[in-house]
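A.B. asks: One structure follows; several queries about it will come next.
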Amino acid sequence: MTDYRSVNRANWDERAPAHAASPDYGVERFLADPAHLSEVVRFDLPRLGKVTGLRGVHLQCHIGTDTVSLHRLGARMTGLDFSPAALAEARRLAAGTGAPVDFVEADVYDAPTVLEPGGFDLVYTGVGALCWLPDIRRWAQVVAALLRPGGRLFLRECHPMLWTLDDTRPDGTLAVEYPYFERPEPTVFQEQGTYVATEQTFTHTVTHEWNHGLGEVVTALLDAGFELTMLVEHDSAPWDALPGRTVGDGHGERRLADRPWRLPQTYTLAARRRD
Ligand SMILES: C[S@@+](CC[C@H](N)C(=O)[O-])C[C@H]1O[C@@H](n2cnc3c(N)ncnc32)[C@H](O)[C@@H]1O
């Protein structure tokens with residue numbers, strides 16, 4: 001396998017500053033309003049439950065907007081990401097908002113060696129996190145290793161069905177083109193831009209990604225010692241996953257303009273590590 005980490009890290013390092021500067025991530029709203037929460041975290045408030053006092057880790061925390069939001073809800077947060085540029089933005093956000101969040105630079109698979117195994121009550125992750133990882137079973141074992149017995153995972157993730165779609169056909173049809181199930185080899189994408197509004201042009205345009213079927217994610221968690229406590233599929237996503245085909249709801253979510261019930265775009269999953 002090529003060194004997928006170097007390829008993907010170069011891509012993220014270049015995009016993180018553009019994301020932090022983009023109105024889509026709304027960093028300035030965190031600075032202006034001490035009660036502001038990211039739209040991603042706000043969307044899941046009815047499902048998240050109480051996090052006050054919990055020791056939480058946000059895996060693949062990117063520029064820290066969801067991490068700081070969880071801190072604002074009362075959790076004691078650590079963020080982990082392998083992109084130094086993303087963590088520089090996350091640390092700037094935490095300093096600017098006075099949020100005492102630790103940020104740790106590491107690969108997800110190394111999390112139990114750089115963080116305290118069994119030291120966390122909550123693992124939070126998602127929205128474009130799992131697609132960067134080749135092996136979902138190994139990820140589930142990492143999450144289990146970080147949590148104390150009884151600790152919980154909260155995952156809001158892009159639906160694997162969405163990742164199968166090619167929306168660039170000249171005839172305008174959506175085609176099932178990419179793997180639904182996990183494959184040993186990555187799908188290699190060439191993408192000039194990014195998923196937020198930005199004027200910036202990028203030189204690192206290649207990514208190596210993997211899909212993980214919903215059943216594969218659930219089974220990996222069950223086998224790693226979890227019980228599933230929630231699984232909800234959503235017809236919306238917190239970014240424009242299919243440009244030109246979606247409408248926004250004014251609260252950060254977008255769904256297909258035409259019959260949105262045809263496609264799950266994301267899901268929320270919660271699981272508890274068995275005692
Ligand atoms: C789409 S972002 C996560 C989204 C996050 N929910 C957000 O929007 O703020 C994906 C993040 O995963 C990180 N990442 C990708 N592969 C990783 C790996 N193997 N280990 C740690 N972090 C990784 C990237 O650096 C990036 O910050």
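A.B. asks: So what's the chain giving for Cα Rg divided by 2.2 N^0.38 Å, two decimals?
C.D. replies: Numbers: Rg = 17.7 Å, N = 275, 2.2 N^0.38 = 18.6 Å.
My calculation over the Cα atoms of the chain gives 0.95.
A.B. asks: Summing -39500 (n - 2.57) over the DSSP H runs of n ≥ 4 in the chain and dividing by its residue number, what mean residue ellipticity at 222 nm do you reach, to the nearest 500 deg cm²/dmol?
C.D. replies: After summing the helix terms and dividing by the residues of the chain, the value is -8500 deg cm²/dmol.
A.B. asks: How many nm is it between the label spots at F181 and Q200, if each spot is 7 Å from the Cα in line with the beta carbon?
C.D. replies: 3.9
A.B. asks: Just to confirm my numbers, what's the Cα centroid distance between segment 251-270 and segment 149-173 in Å?
C.D. replies: A separation of 10 Å, based on Cα centres.
A.B. asks: Which order do the peptides 224-231, 207-214 come out in when sorted by mean C-beta neighbours inside 10 angstrom, highest first?
C.D. replies: Going from most to least packed, we get 207-214, 224-231.
A.B. asks: Another question, then. What number comes out for accessible area per residue over segment 4-273 if the probe is 1.4 Å? Units Å², please. Show your work: numbers first, answer last.
C.D. replies: On the way: 11620 Å² over 270 residues.
Ligands and nucleic acids excluded, the figure is 43 Å² per residue.
A.B. asks: Return the carbon/sulfur percentage of the accessible area of the chain, one whole number, probe 1.4 Å, all protein chains in place.
C.D. replies: Percent of accessible area from carbon and sulfur atoms in the chain: 53.
The values are calculated or read from the model by the stated rules, or taken from the named source; none is laboratory data. Please read these numbers as outputs of a predicted model, since none were measured by experiment. Cβ: placed from backbone, ideal geometry, glycine included. Neighbour counts: every protein chain shown. In case anyone asks, the SASA skips ligands and DNA or RNA and just uses the protein heavy atoms, side chains included. Shrake-Rupley method; radii C 1.70, N 1.55, O 1.52, S 1.80 Å.
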